[in-house]
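Student: Structure in structure tokens, see below.
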Amino acid sequence: MNHIRLTSIRLSAAALAGAAVLALTACAGAPPSSVGTAAAAPPGDATLAPNPKLHVEGIPPVPRTLVQAVDKYTDFRGHAFLDWHPTRREMLVSHRGAGGNTPQLYRIGAPLAEPEKLTDFADPVFSASYEPLEGRYIVFERDTGGNEVNQLYRMDPATREVTLLTDPDQRHNLDTWLHAQAGRPSRLLHTSVPLDRTAGGATRASIVSTLWLLDPLRPQERRKLAELPGGGWFAGSVSWDNRQAALTNYVSANESQVWLLDLASGERRQLLPAAGTGGKATYLAAGFSRDNRALFVISDSAGEFNEMLRIDLATGARTRVTGHIPWDVSGGSLSEDGQLAALRLNEDGMGRLRLFDALSLKELPAPALPAGNLGTTQFHKQRGELAFGLNGSAGPSQVYSLDPASGQVQQWTRAYAPPGVDPTRFAPQQIVRWKSFDGRTISGLLTLPPARYTGKRPVLIHIHGGPEAQATFGFLNRNNYFVEEMGIAILQPNVRGSAGYGKTFVALDNGMQREDSVKDIGALLDWIATQPNLDASRVAVIGGSYGGYMSLAVSTNYADRIAGSIDVVGISHFVTFLNNTESYRRDLRRVEYGDEREPAMREFLDRISPLTNASKIRKPLFVVQGRNDPRVPWTEAEQIVARARANGTPVWYLRAENEGHGFARKENADYQFYATVLFLRDVLKLP
């Protein structure tokens, strides 16, 4: 495949980094009352009981009248593009169908054709691809209960028969396919890492990633290509003669390497950064040129932003392809004939399509596309048609295709909106900026309620995870209820440490600079107080994963300036987090947060952790956690709940026994949302 898989690489890296895989959804809080797990309530009851997989503490009963009022905002359904069929004009998408609980795999046979459901599991399916020669079968990834122990499966599209391809005692990623060759079996590259504990129960001292060559029709004959030190390795692309693979070794948000691996001998050599050049930078392998003489790489080595480079494999000479664009390249695709490159540029949180001649490296005129934030792009192998996803304030993700020659755009999917709600009328996000404590400009996305809401409006500050993620333009999904029906303004800040604004900015919160990002929220609270349409006395904070830590940190540092906080799968103590996060992630997180094994850093991490400062949490707190979370273990939630309650602070707690790093099942996410509405009504003093 010659798809520039930067988006996939970024997602994999984000998973290792701990970015929350969460929509802008939250949870609820109130004084501790009953503790326990309730069975489903009969339909006639006035309240909705949590399902048996939800453990609920301190959350008041959810009135069915609230459920009825909110329900039309809980069933927006979009589509995520996954792969083109190699010979036919059809595609695979991930989609949650009518009545479905999780996104599953669907086949779409023509533009706007009815999606055909291929899988029906309790757990979601977000990643899949066709066998690249004839599309005879599909390979997909799936975990269990949110544990992120992904396994690879082969499915026969005609019979729906599914075959497990991998060892369930390891975590696996489908990296890329070798190029299809007539008369040869189709083979793929995948990486595997062991689970956290050894057979004897001890934590692994070191992690090794194994790269495998696998024929999905003969999984028992898979061949080990390399054992690679660390947990950050991904195979980015394969040369057109199938002789070598370009590997990315992700070290941190500010450092990665590209290696070349001989697929016959297993020998590898570091390509980037070249030996003796010094200096850290990001290098992400994209795709080989059609003549195999060059490798396209996305890197910030030449400036502040990730740009496309062409590396001559014989001389090492570099050609800057997108150096004239002061924004990150965040994904793209190369056409099968090697003549065209479609790149996604992240322009201040909005994805834009840029086309380039992949031979001359000159930019081509931009095509006219529907409005929206560009997502995944991929060329069809035979037709040269470009599939792409778009989403925005007016609706969830939809899939389109572009004929680069004619400029014709066709819509392939139609997002579903429940009766009684018109997403096209939802307020668009707007960029706002403010000065922080050191004079640095910080930005965020603000969504204001409709004009019918008069007076100063309460604010929900939603802080993204990562920390090297980014709040970007897109559909707010069920959280539109906060804006449209509760009159709450939503503000999504990109504090220092966020991606998208250059490599200097993304490193500003590393190590002992951690609390500087919290100060950016303090400056945001100052800015809110100056806005004539925002109410600084009614501000709540929510965040997931690292954003959960930020929410807790705001609740300890600015308790007198907020009404309440919501922590979704958040870090409550950096030392316990680093000790207990899955071992394949631990060293990667130490680069970001600091190494807790060093005494000075351990003292610093302990001092700034919300758990240490829990006595300062004086406003209502709502904590949400998945029991199977491999990134931020559930014990992080348990300990902050106990410590905050010891102060007499009102704490609500919601834990799902069948979820991981965020709630993927609709029934769980719905209950979380109902509780969040109750919490915000309470702390923001809304009717």
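Student: Scan region 538-557 and report the pairs whose first residue is surrounded by fewer than 24 Cβ atoms within 10 Å (Cβ to Cβ) and whose second residue is assigned to a helix (DSSP H, G or I), with Cβ atoms within less than 6 Å and a gap of 6+ or a chain change.
Tutor: 556/616; 557/518
Student: Are there strands (runs of 3 or more DSSP E) fully within region 277-337 with at least 1 residues that are farther than 20 Å from residue 176 by Cβ? List them.
Tutor: Because the criterion is at least 1 residues that are farther than 20 Å from residue 176 by Cβ, the strands (runs of 3 or more DSSP E) in region 277-337 that meet it are 307-312, 318-320, 328-334.
Student: Could I ask something else about it? Could you tell me whether any residue of region 652-670 is modelled with pLDDT under 95, touching a Ser or Thr at 6+ places or on another chain (Cβ under 8 Å) and not in a helix (DSSP H, G or I)?
Tutor: Within region 652-670, not a single residue is modelled with pLDDT under 95, touching a Ser or Thr at 6+ places or on another chain (Cβ under 8 Å) and not in a helix (DSSP H, G or I).
Student: Scan region 227-242 for residues that are more than 28 Å from the chain's Cα centre (by Cα) and hydrophobic (A, V, I, L, M, F, W, C) and jot them down.
Tutor: Residue satisfying the conditions is 240 alone.
Student: Only residues that are among the aliphatic types (A, V, I, L, M), under 17 Å from residue 252 (Cβ atoms) and over 20 Å from the mean Cα position of the chain (by Cα): list them for region 568-590, please.
Tutor: If the condition is that a residue be among the aliphatic types (A, V, I, L, M), under 17 Å from residue 252 (Cβ atoms) and over 20 Å from the mean Cα position of the chain (by Cα), then 578 is the only one that fits.
Student: In the set 633, 687, which member is modelled with pLDDT under 95, farther than 18 Å from residue 556 by Cβ and open to solvent by 10 Å² or more (accessible area, probe 1.4 Å)?
Tutor: The conditions single out 687.
Student: More than 20 Å from residue 55 (Cα to Cα) and open to solvent by 10 Å² or more (accessible area, probe 1.4 Å), is that true of residue 600?
Tutor: When the stated conditions are applied, residue 600 passes them.
Student: Residue check, residue 582 against (1) touching a Lys or Arg at 6+ places or on another chain (Cβ under 8 Å); (2) open to solvent by less than 10 Å² (accessible area, probe 1.4 Å); (3) among the charged types (D, E, K, R), all met but one. Which one?
Tutor: (2)
Student: Turning to a different aspect of this structure: Can you report the number of residues in region 155-179 which are outside any strand (DSSP E or B) and open to solvent by less than 50 Å² (accessible area, probe 1.4 Å)?
Tutor: 5
Student: A further question follows. Return the pairs, sorted by first residue and then second, in which the second residue is assigned to a strand (DSSP E or B) and hydroxyl-bearing (Ser, Thr, Tyr), the first residue lies in region 187-213 and is modelled with pLDDT of 95 or more and open to solvent by 20 Å² or more (accessible area, probe 1.4 Å), the beta carbons are less than 7 Å apart, and the residues are 6+ apart or on different chains.
Tutor: Final answer for the pair search is 212/192.
Student: Further question on the same structure: Is it the case that region 324-342 has a residue that's under 23 Å from residue 403 (Cα atoms), of a type in the set (D, E, K, R) and in contact with a strand residue (DSSP E or B) (Cβ under 8 Å, 6 or more places away or on another chain)?
Tutor: yes
Student: Restricting attention to region 353-371, which residues are more than 21 Å from residue 319 (Cβ to Cβ) and either touching a residue at least 24 places away in the same chain (Cβ under 8 Å) or touching a helix residue (DSSP H, G or I) at 6+ places or on another chain (Cβ under 7 Å) (or both)?
Tutor: 353, 367, 368, 369, 370
Student: Of (1) open to solvent by 50 Å² or more (accessible area, probe 1.4 Å); (2) more than 19 Å from the chain's Cα centre (by Cα); (3) closer than 27 Å to residue 505 by Cβ, residue 353 satisfies all except one. Which?
Tutor: (1)
Student: Name the helices (runs of 4 or more DSSP H) wholly inside region 493-585 in which the number of residues that are small (Gly, Ala, Ser) is 1 or more.
Tutor: It comes to 514-529, 546-557.
Student: Which is among the hydrophobic types (A, V, I, L, M, F, W, C) and crowded, with 22+ Cβ neighbours inside 10 Å, of 92, 133, 112?
Tutor: 92
The values are calculated or read from the model by the stated rules, or taken from the named source; none is laboratory data. Being a predicted model, the structure only gives us computed values, none of them experimental. Note: ideal-geometry Cβ built from the backbone for every residue, glycine included; neighbour counts use all protein chains shown. Keep in mind that these areas ignore ligands, DNA and RNA; they rest on the heavy atoms of the full protein, side chains included. Shrake-Rupley method; radii C 1.70, N 1.55, O 1.52, S 1.80 Å.
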